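What follows is a set of notes on a single structure, which appears directly below.
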Ligand SMILES: Cc1cc2nc3c(=O)[nH]c(=O)nc-3n(C[C@H](O)[C@H](O)[C@H](O)COP(=O)(O)OP(=O)(O)OC[C@H]3O[C@@H](n4cnc5c(N)ncnc54)[C@H](O)[C@@H]3O)c2cc1C
Ligand SMILES: Cc1ncc(C[n+]2csc(CCOP(=O)(O)OP(=O)(O)O)c2C)c(N)n1
Ligand SMILES: [Mg+2]
């Protein structure tokens, strides 16, 4: 429990038949006990003062917030307001800060937002709280920013960025102790710039989601869902292209939760996670987002588990949004953009299957959409359903899950792959143009 990690307890199968007796107080016997509670972990006063000095001297403070800060929402907001800071979120920390705060730039990384990229490029001070975010190329360049990090695990400190003040501590306790040492920043220009960038980015997300596709642009159901997310919803995502739209298009509000297979990045997690979410919180709405490859792999079979248990759930909203694109798109695009490899039909194409009808077979509700004009209505119907729903969307596999910034080398690889790609006729011009525009300075999609 103290380590919060997966543990295997192995018990002999006939143990329950044995009469219980206390283990002898002798060499080789192993004792255990109950009643553990987590300790308060707070850095030393002099280290807090060193951290405060760095943060007080910063003019453009960026925060990177992760899942380890989930219990510190009020403290994060208070510290950010004191420092006039902007904050990006690692993916497992997506629900930690609400996106309706104008200084929150959303997710970071390949699946992240452009404002988060800009925040890290332009800051002079980095405050990282409760995050293991693995990709240092998305953090400030070494020497550009002075760093303070807070993490419970000493081994996580300075792992992604050389921090000037690495603090071992609990996020909430440490931020609370730090707050009285921080001076109120009065210049609002840094935060004003972040808010402006956020506004442009949101408009771009909407524009990208509305771009025509064959037949449905996969960003559209996420964008429509984002506008209608119920209070206290729990979101889960699989590891296909849906993870991009989950990360970027869904705007979190206070009280929501969101997760996916983070460190392992394994396909097949979304439906099991969504079932676990309902088991833990039967009164909360739950929405899983899944690709068709991951559905075929294992998620589909778990619909039978949903059929078994759903009547026990006090809140009936349980939705599985399936992107049926007959492709392992995430990897097809990764190979196009990163390796310059055209789509390899033999490995990437997967068979069509009526997922919504499988749901009906299991006694759940099935909805199918292949018309962009009907997406919003279908999302509303799913949210209003009195039983679990599979909402299957016939999605275009040729909409690129774009990184927030694309390098010239990646654009070159993409262009050369496209020339040899069996789908070059149907890879939509609009979205292909987005890849190219993303690398040209000053140009917007
Ligand atoms: C397809 C796919 C693509 C992905 N792409 C991205 C991406 O573009 N961007 C991205 O961010 N992630 C991405 N991920 C996830 C990524 O691999 C990491 O899992 C994620 O960034 C980690 O998020 P985190 O730092 O919030 O959480 P964690 O890995 O859970 O880290 C939490 C940290 O907080 C510490 N901690 C715990 N409790 C406390 C406490 N009370 N106080 C202080 N510290 C505490 C822990 O020691 C740990 O260091 C992707 C995953 C998938 C499946
Ligand atoms: C168990 C496992 N196998 C393979 C991968 C590599 N991988 C990541 S995404 C992906 C394709 C997912 O396809 P699909 O579920 O159809 O979603 P799409 O990207 O098409 O939307 C693959 C093969 C993985 N992450 N986990
Ligand atoms: Mg697919």
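Just so it is clear, none of the values below were taken in a lab; they were calculated from the coordinates. Since we're looking at a predicted model, the values are computed, not measured. No Cβ is skipped: glycine too gets one built from the backbone with ideal geometry, and neighbour counts run over all protein chains shown.
List of remarks:
- Part-to-part distance (alpha-carbon centres) for segment 149-173 and segment 319-371, which is given in Å: 40
- Intensity falloff of the chain expressed as log10 I(q)/I(0), Debye formula with alpha-carbon point scatterers, at q = 0.12 Å⁻¹: -1.06
- Each of 18, 183 was scored by other Cβ atoms within 10 Å of its Cβ. Arranged with the fewest first, they read 18, 183.
- Full extension of the chain between residue 352 and residue 309 yields a length gain of 12.7 nm, computed as 0.36 nm times the residue separation minus the alpha carbon distance.
- With the convex hull drawn around the C-alpha atoms of segment 45-185, the volume per residue stands at 90 Å³.
- Just so you know, the Cα atoms of segment 207-439 work out to an Rg and Dmax of 17.4, 54 Å.
- Fraction in percent of alpha-carbon pairs per bin - 5 Å, segment 263-314: 5, 21, 30, 23, 14, 7, 1
- Cα Rg over Rh - segment 173-307, Kirkwood: 1.07
- Residues listed by number, segment 22-60, amide nitrogen under 12 Å from residue 183 label point at 7 Å toward C-beta: 53-59
- Theoretical FRET efficiency, 1/(1+(r/R0)^6), r = Cβ-Cβ of residue 370 and residue 296, R0 22 Å, to 0.05: 0.70
- Spin-label model distance (nm) - residue 281 vs residue 253, 7 Å beyond Cα toward Cβ: 1.4
- Extension gain, residue 420 to residue 121, is 104.1 nm, computed as 0.36 nm per intervening residue step minus the present C-alpha separation.
- Pair residue 57, residue 21: separation of 7 Å Cα→Cβ label points (nm): 6.8
- Calculated SAXS-style log₁₀ I(q)/I(0) at q = 0.15, 0.19, 0.23 Å⁻¹ - segment 1-122, Debye, Cα scatterers: -0.82, -1.16, -1.40
- FRET efficiency estimate (nearest 0.05) - Cβ-Cβ, residue 135 to residue 345, R0 30 angstrom: 0.45
- Max mean-square fluctuation residue, GNM over the chain, Cα-Cα springs under 10 Å, options 200, 17, 47: 17
- In segment 1-46, the alpha-carbon atoms span a convex hull of 168 Å³ per residue.
- In terms of overall dimensions, segment 197-239 has a Cα radius of gyration and Dmax of 12.2, 33 angstrom.
- Listed residues 98, 24, 39, most fluctuating in the chain (Gaussian network, C-alpha, under 10 Å): 24
- GNM result for the chain, Cα springs below 10 Å: residue of 277, 90, 362 fluctuating most strongly: 362
- Computing FRET efficiency as 1/(1 + (r/R0)^6) for residue 74 and residue 228, where r is the C-beta to C-beta distance and R0 is 45 Å, gives about 0.95.
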